[in-house]
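One structure is given below, encoded as structure tokens.
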Amino acid sequence: MSDQVVLGGPIDLDQTLYSGQVFHWNRCPDGFWSGLLGNEAVVVSEKKQNLILHHGPAKKVAHHFALDHPLQEIYAEFPDEALSLASLAACRGMRILRQPRWECTATFITSSMKQVGHIRAMSLAIRERFGTAVVGSDIHAYPAFEVLAKASESSLRGCGLGYRAGNLLKTARMFADGKLDLEAIAKLPTPKLRQTLQTLPGVGVKVANCILLFAYERLDAVPIDTWIDRILLAMRKGRKGTPAQLAAYARRRLGPYAGYVQQYLFHHARMTKKGR
DNA sequence: CGCCAGGGTCTCG
DNA sequence: CGAGACCATGGC
């Protein structure tokens, strides 16, 4: 724990790890964050807006935290509009993580109609019940799809998944059966990739956009959940629209880094509208 | 108790 | 194509 490595920045670790992208990190009283990157234990902290590595694989961690994302260039593309500028002022330093693909896909399949706290609880339960222990961490690794494919639906429901258990199970079996490869499809253009992801049980347009944004570096992908839906409605001065119309509006109005803008809007709204 | 949560899917008009 | 019903679970 004496060897510290400055990985770079700027980054706001609290905003990044508490914004509903990942759900298994723990913030210690001393400000250190402990979590997992795949099946490797990681401990990081923040000092003068720089990411400090205390434990874990430096190169992978820097890549995961997307320290190469050009934040200043991204901020310059934020729309000149009250809500987006307010979210930028409040969340400056938050980065869109590069997540392991299966882990991200599975987690967001369980996310439908669930609050962030519930998603975290389900993730931890699944890890505890099906994942393998990791040296140096009290959190288990997220189970591979081969493992979940052999689980029973009732045992998944025991993790609090409800009706989402069937979707996660069927999706895990599709990968176990080799019907789809999350790595092989990474080179597809965004529309085709979104369409492919939506063939997975429990993955519609919103979850597909989450996977595109958080696991495939498609920084223009905009997940529209209930929060963003309300925000877009406000930006349109109350003018409602079909999901397709709202998606087109978001793509046009939020710019080339629309996914980034969306994440700032989402987190800021959640933090200001209610506690947690 | 009623309502809502980072929705998806199926049915019906 | 677009609106509605239904799907489990937990917190307020």
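Brief remarks on what is shown
- With a simple spin-label model that places each label point 7 Å from the Cα along the Cα-to-Cβ direction, the separation between A:Gln198 and A:Ala176 comes to 2.8 nm.
- Of all aspartates and glutamates in the structure, those lying under 16 Å Cα to Cα from A:Lys48, and not within fewer than 8 positions of it along the same chain, are A:Asp12, A:Asp14, A:Asp30.
- In a fully extended conformation the segment linking A:Arg92 and A:Ala248 would gain 53.6 nm over its present Cα-Cα distance, using 0.36 nm per residue.
- Flagged links, alpha-carbon separation over 29 Å, of A:Lys150/A:Lys206; A:Lys114/A:Lys240; A:Lys114/A:Lys170; A:Lys170/A:Lys206; A:Lys192/A:Lys273; A:Lys240/A:Lys273: A:Lys192/A:Lys273
- The stretch between A:Ala121 and A:Asp68 holds 16.0 nm of extra length on full extension. This uses 0.36 nm per residue minus the Cα-Cα distance.
- Phi angles across the stretch A:220-227 convert, under the Karplus curve 6.51 cos²θ - 1.76 cosθ + 1.60 with θ = phi - 60°, into 3J(HN,Hα) values of 9, 6, 10, x, 10, 9, 5, 5 Hz, Gly and Pro given as x.
- Under the shape rule built on the C-alpha gyration tensor, where the axes satisfy a ≥ b ≥ c, the stretch A:126-187 is oblate, since a/c reaches at least 1.5 while a/b does not exceed b/c.
- Based on Cα contacts under 8 Å between residues 6+ apart, the stretch A:185-268 shows a relative contact order of 26 percent.
- Under a 5 Å amide H cut-off, with hydrogens placed 1.01 Å from N, A:Gly8 pairs with A:Leu51 among residues at least 5 apart or on other chains.
- GNM remark for chain A: springs join alpha carbons under 10 Å apart, and the peak mean-square fluctuation among A:Gly238, A:Gly204, A:Gly93 falls on A:Gly238.
- Working note: Karplus 6.51/-1.76/1.60 with θ = phi - 60° gives the stretch A:209-216 the couplings 5, 4, 5, 4, 6, 9, 10, 10 Hz, where Gly and Pro are set to x.
- The relative contact order of chain A, computed from alpha carbon pairs under 8 Å that lie at least 6 residues apart in sequence, is 19 percent.
- For chain A: rounded, prolate or oblate by the Cα gyration tensor [a/c cutoff 1.5]: oblate
- Cα gyration tensor shape for the stretch A:24-128, rounded if a/c is under 1.5, else prolate or oblate: oblate
- Here the simple spin-label model places points 7 Å from the Cα toward Cβ, and for A:Gln49 and A:Tyr75 these points are separated by 0.6 nm.
- A simple rule links phi to the HN-Hα coupling: the Karplus curve 6.51 cos²θ - 1.76 cosθ + 1.60 with θ = phi - 60°, which for the stretch A:38-50 gives x, 10, 10, 6, 9, 10, 9, 9, 10, 9, 6, 6, 9 Hz, with x for Gly and Pro.
Read the figures in this text as sums done on the coordinates, not as results from a lab. Being a predicted model, the structure only gives us computed values, none of them experimental. Cβ sites come from the backbone with ideal geometry, for glycine too, and all protein chains shown count toward neighbours.
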